[in-house]
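The values are calculated or read from the model by the stated rules, or taken from the named source; none is laboratory data. Bear in mind that the values here come from a model prediction, so they are computed numbers and not experimental data. For neighbour counting, all protein chains shown are included, and Cβ atoms are generated from backbone atoms with ideal geometry for every residue, glycine included. Side chains included, ligands, DNA and RNA excluded: accessible areas come from the protein's heavy atoms. Shrake-Rupley method; radii C 1.70, N 1.55, O 1.52, S 1.80 Å.
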Amino acid sequence: MNHQFLPNNEASRKEMLESIGLSSIEELFGCCIPEQVRFKGELDLPEPLSEMEARRLLTQIANVNRPASSMVSFLGGGVADHYIPAAIDHIVSRSEFYTAYTPYQAEVSQGTLQNIFEFQTLICMLTGMDVANASMYDGASALAEGVLMASATTRLDKIVISQTVNPQYRETVQTYAQATGLEVVEIPHKEGLTDVEAMGEEVDDQTAAIVFQNPNFFGQVEDPFPISELKEKGKKTLLISVVDPISLGVLVPPGDYDCDIALGEGQPLGNPVSFGGPHLGFFAATQKLVRKMPGRLIGQTKDVDGQRGFVMTLQTREQHIRRHRATSNICTNQALNALAAAAYLNLMGKEGLQEVAQHCLQKANYLKEKIAALPGYTVPFEGPSFKEFVVKANRPFTSIQEKMVDRGFLPGIHLQPYYEGMEDWFLVCVTESRTRDELDRFAAGLEGV
Amino acid sequence: MKNKDLIFEKSRPGKIGYSLPGLDVPSKNDILPEKVQRKNPAPLPEVAEGEVLRHYINLSQLNHSVDNGFYPLGSCTMKYNPKINEDVSRLPGLAGLHPYQSEEMTQGALKMMHDLEKYLCEIAGMDRLTLQPAAGAHGELTGLMLMRAYHRHRGQEQRKKIIIPDSGHGTNPASVTMVDYETVEIPSSETGCVDLEALKEVLDDQVAGLMITNPNTLGFYESNITEICRLVREAGGLLYYDGANANAIMGYSRPGDMGFDIIHYNLHKTFGTPHGGGGPGSGPVGVKDKLIPFLPCPLIEEEDGQYFFDYDRPQSIGRVRSFFGNFGVLIKAYTYIRMMGAQGLKQVSEDAVLNANYIMENLADTYYLKYHRNCMHEFVLSGKKQKDEHGVTTTDIVKNLLDHGIHPPTVYFPLIVEEAMMIEPTETESKETLDRFIEVMEEIAKMAEEDPEKLKGAPYTTPVRRLDEAGAARNPILKWEPEQ
Ligand SMILES: Cc1ncc(COP(=O)(O)O)c(C=O)c1O
């Protein structure tokens, strides 16, 4: 068989077989795979396609969808359509980056290694934390690993988490916690914010970590300082904060409020929404915790000629060295997405990140005020929002949604499946990509449906 | 000489690499209370767009990759990544889908994932599969959580031991620890396969299951796989198949038929999706009927040609991440399977196995081969002979490959072969490339004899030379800091 991805022709195959003293492929497989576990049939898969047919098929599949990118989207919930500068796709399309693997051979992986070292630095700059790793699978699994790390560090089993943390993150934490026997206590929100008092009542000397999110899932900006102070009610309690990286252009960074582990979803930094993946989790901590961190860490060193270079380091934390005593099982992470994130932060730079964050803040609050003034809608939570806010409708959300979609708008995330008593409540996300005209038309549309 | 300065060292105040439209809504400065505002801006670099581009293009040129040279990194299946996959994964109708969009608007995506699940089940002989896990290790963790849920459901919570052959990948025992299970390692026999006697010794009613890679990391198909499965099953344990090496068996044997209950794939190994310099990958987990109720939420179901997410699964372990999986990677694997078909995938395994055997036989006299019999898609060679006779290590040997534009094999793994070099050529390398590799390996062996000191100094031509790893670990510098 000849195939465009298979460079050996029949003549080469025959020559190779002969040179190893075999007459057929059957002979080779026959002596390796025991007869009773040989698959005798043919796999039931569709007939192979040429490249042209494959492209046509995938285009058809894509055309069946109606992507958010073709509409005016107000969908967020941790994944948002921030503008992606053109340069980024050109960078991540370099096949020297995307067809390499984990940089096991440092001498020929300096591109990947230096990039991760820069990514670690950028995440530290953004969060104000001491150290950051090479990336995690996504924000949710980063939080789950953060919780495990807190438990392993403190040797305590109780996790106190605010219900204003992204519901999918909490579900993921519950899944991981169930497997390890951690006790997870969820603190109901109070008017859309973390109930600091109720949280304080749960924090005790058995508490490994306090978890909150800022801005929280409702888009509300929390005051992190009183939450951080709750650590004092525990003995060794750590503070884990889940943050939106874009918000750190204007909001106080975790490093300023005695946070121990700061993490979150890195998608907003130059990665497409892509139906929820691949994205990346970022993960940062204090220097004190570095040896407990999950995942790869890249360090600076020198070569035999004294030149600066980068290597994977503190590997005795990792599975390939430490096996069952590793701090985590993570091996492959989300390196290419981290490359996009680093490129984004470098392009936006010091000014750009602040400006993007300001645009989100101003536009979201502009729309929030407009909607609050509409008959039939209220904005139930007081206090500042960053780029998302909650709206409560006096009629069924599903019908609002249907009519708005007909007009080309995705109005937001229905909150009912995630929070009790939020039947016709929805979460609206406004990034810098929205124009005032779109915001005005959206508000006018809501009024009319 | 390329400029290898860090991006931070290229930063100059006032430069920008972006543009934004003017703010078209009224700007208010009283939205955020003072205390929640950032006081000092994040000190991100200030560089122009062209400078950023040049920075990354220069960095990219410091990398070895599949697209610029042979990459026989064992256990990682560094095959060619078809370019059509890159194109289709970027179609706006796919990359532009928001995960909170309704099922109605995402039918194409749901059908694609539903079909991919079916294909992956067929290839492994399993009944259902979750696409959620983001990589192989994430799949292992998910699979072990399924085991735990299964045993708990049956009131067998005392089962906490997972048996793993000593040739197992490091992620296996590390995943075991993450579900609060305990790893019991068993030694391999002289043939490089599971030692049945050693297995029998550790089987009891505390065993939750066995985790095994097949072909194992030595590249051998477990000759006693049926017996292994029978023994573990009789002891009440479940069978977990690490499918990282599935490239060797497609169309030739199916884990489900052998009696396995759980398998994870690495789509970034077997199904042609790129490794991305260390991800994103994808680690789908397939199971037999009895474990379906425990699979993560949601699963994709179909009714009358309509696809939907099923969240109503009370026995599910829950979710292991946000949303549905590394969708962009799934598109690539789907496209790959559609372009290969059943015959194509079988040919993939044939060529992968033939390529490995060809190299092995041609190097068997030059290097020490602890186990000399036909291998599957990879084999483990050893630098022991060169070490004993000329005092050079496997590290020295493979560092010389770098000067020939070849990426070294996986080294010092599996742990049961001294001075191991694990070589996996994959099916996407031609005989001509393999011949060149064999020639270079012979040259290096000769150099070990004739000029071991020169050999120990390699590499000579790479962007940097051997790096001080011990120093890096002793005094960790994990980020750039401005000079005081
Ligand atoms: C045999 C085996 N199992 C598991 C893994 C883990 O896969 P991943 O790196 O995708 O997490 C690997 C590869 O790294 C492997 O080779």
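Can you confirm whether B:Thr183 is within 12 Å of chain A (Cβ to nearest Cβ) and open to solvent by 10 Å² or more (accessible area, probe 1.4 Å)?
Numbers: within 12 Å of chain A (Cβ to nearest Cβ): yes; open to solvent by 10 Å² or more (accessible area, probe 1.4 Å): yes.
Considered against the rule, which asks whether it is within 12 Å of chain A (Cβ to nearest Cβ) and open to solvent by 10 Å² or more (accessible area, probe 1.4 Å), B:Thr183 comes out as yes.
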Near pairs, Cβ below 6 angstrom, 6+ apart or cross-chain, from the stretch A:320-334 (within 16 Å of A:Tyr176 (Cα to Cα)) to any residue that is part of a loop (DSSP other than H, G, I, E, B) and within 12 Å of the ligand (Cβ to nearest atom): A:Ile330/A:Gly295
Residue within the stretch B:360-370 that is assigned to a strand (DSSP E or B) and either within 24 Å of B:Met340 (Cα to Cα) or not assigned by TED's automatic domain parsing to the domain that holds B:Gly277 (or both) present: yes
So B:Thr191, is it within 13 Å of the ligand (Cβ to nearest atom), in contact (Cβ under 8 Å) with a residue 24 or more places away in the chain and either within 13 Å of chain A (Cβ to nearest Cβ) or on the phi > 0 side of the Ramachandran plot (or both): no
Pairs, first farther than 22 Å from B:Ala135 by Cβ in the stretch A:124-151, second acidic (Asp, Glu), C-beta under 9 Å, six or more apart: A:Cys124/A:Asp130; A:Gly128/A:Asp256; A:Met129/A:Asp260; A:Ala150/A:Asp260; A:Ser151/A:Asp157
The one condition in (1) facing another protein chain (nearest Cβ under 7 Å); (2) over 23 Å from A:Pro224 (Cα atoms); (3) away from the ligand (no atom under 16 Å from the Cβ); (4) open to solvent by less than 10 Å² (accessible area, probe 1.4 Å) that A:Val131 fails to fulfil: (2)
Search result, residues across the stretch B:88-121 that are at the interface with chain A (Cβ under 7 Å from one of its Cβ atoms), over 27 Å from B:His264 (Cβ atoms) and assigned to a helix (DSSP H, G or I): B:Pro92, B:Gly93, B:Met105, B:Gln107
Close pairs from the stretch B:278-298: first without any contact (Cβ under 8 Å) to a residue 24 or more places away in the chain, partner more than 16 Å from the ligand (Cβ to nearest atom) and among the small types (Gly, Ala, Ser), Cβ under 6 Å, at least 6 apart: B:Cys297/B:Ser316
Filtered residues of the stretch B:58-76 (kept if more than 7 Å from chain A (Cβ to nearest Cβ) and more than 22 Å from B:Met422 (Cβ to Cβ)): B:Asn58
The stretch A:160-199: number of residues that are in a strand (DSSP E or B) and closer than 17 Å to A:Val242 by Cβ: 8
Test: residue in the stretch A:354-365 that is open to solvent by 10 Å² or more (accessible area, probe 1.4 Å) and touching a strand residue (DSSP E or B) at 6+ places or on another chain (Cβ under 7 Å): yes
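Does A:Glu107 satisfy the condition of being crowded, with 24+ Cβ neighbours inside 10 Å, under 21 Å from the mean Cα position of the chain (by Cα) and of a type in the set (D, E, K, R)? Talk me through it step by step, then tell me what you get.
Numbers: crowded, with 24+ Cβ neighbours inside 10 Å: yes; under 21 Å from the mean Cα position of the chain (by Cα): no; of a type in the set (D, E, K, R): yes.
No.
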Selected residue (only one of B:Ala198, B:Ala235 is away from the ligand (no atom under 16 Å from the Cβ) and in contact with a Pro (Cβ under 7 Å, 6 or more places away or on another chain)): B:Ala198
Residue satisfying all of: in the stretch A:318-334; in a helix (DSSP H, G or I) and open to solvent by 10 Å² or more (accessible area, probe 1.4 Å); farthest from the ligand (Cβ to nearest atom) among these: A:Arg325
Flag if A:Leu297 is more than 8 Å from every other protein chain (Cβ to nearest Cβ), open to solvent by less than 10 Å² (accessible area, probe 1.4 Å), in contact (Cβ under 8 Å) with a residue 24 or more places away in the chain and away from the ligand (no atom under 16 Å from the Cβ): no
Number of the exception - B:Asp304 against (1) touching a residue at least 12 places away in the same chain (Cβ under 8 Å); (2) out of contact with any helix residue (DSSP H, G or I) (no Cβ under 8 Å at 6 or more places or on another chain): (1)
Complete set of residues in the stretch A:241-289 that are open to solvent by 10 Å² or more (accessible area, probe 1.4 Å), more than 30 Å from B:Leu330 (Cβ to Cβ) and aliphatic (A, V, I, L, M): A:Val250
Evaluation of B:Gly383 against (1) buried (at least 20 other Cβ atoms within 10 Å of the Cβ); (2) within 18 Å of A:Leu28 (Cβ to Cβ); (3) more than 8 Å from every other protein chain (Cβ to nearest Cβ); (4) of a type outside the set (Lys, Arg) (one fails), failing number: (2)
Among (1) open to solvent by 10 Å² or more (accessible area, probe 1.4 Å); (2) within 16 Å of the ligand (Cβ to nearest atom); (3) more than 30 Å from B:Asp166 (Cα to Cα), the one test that A:Gly306 misses: (2)
Options B:Tyr80, B:Tyr71; residue that is aromatic (Phe, Trp, Tyr), open to solvent by 20 Å² or more (accessible area, probe 1.4 Å) and either within 16 Å of the ligand (Cβ to nearest atom) or under 19 Å from the mean Cα position of the chain (by Cα) (or both): B:Tyr80
Scan of the stretch B:393-429 for residues that are hydrophobic (A, V, I, L, M, F, W, C) and within 10 Å of another protein chain (Cβ to nearest Cβ), ordered by number: B:Val398, B:Leu401, B:Leu402, B:Ile406, B:Val411, B:Phe413, B:Leu415
Answer from A:Val64, A:Val92 - the residue that is more than 7 Å from chain B (Cβ to nearest Cβ) and surrounded by 13 or more Cβ atoms within 10 Å (Cβ to Cβ): A:Val92
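Working only within the stretch B:136-176, note down all residues that are among the polar types (S, T, N, Q), modelled with pLDDT of 95 or more and within 16 Å of the ligand (Cβ to nearest atom).
In the first step, residues of the stretch B:136-176 are kept if they are among the polar types (S, T, N, Q); the result is B:142, B:156, B:158, B:167, B:171-172, B:175.
The next check asks that each one be modelled with pLDDT of 95 or more; those that pass are B:142, B:156, B:158, B:171-172, B:175.
Hits for the stretch B:136-176 are B:Thr142, B:Thr171, B:Asn172, B:Ser175.
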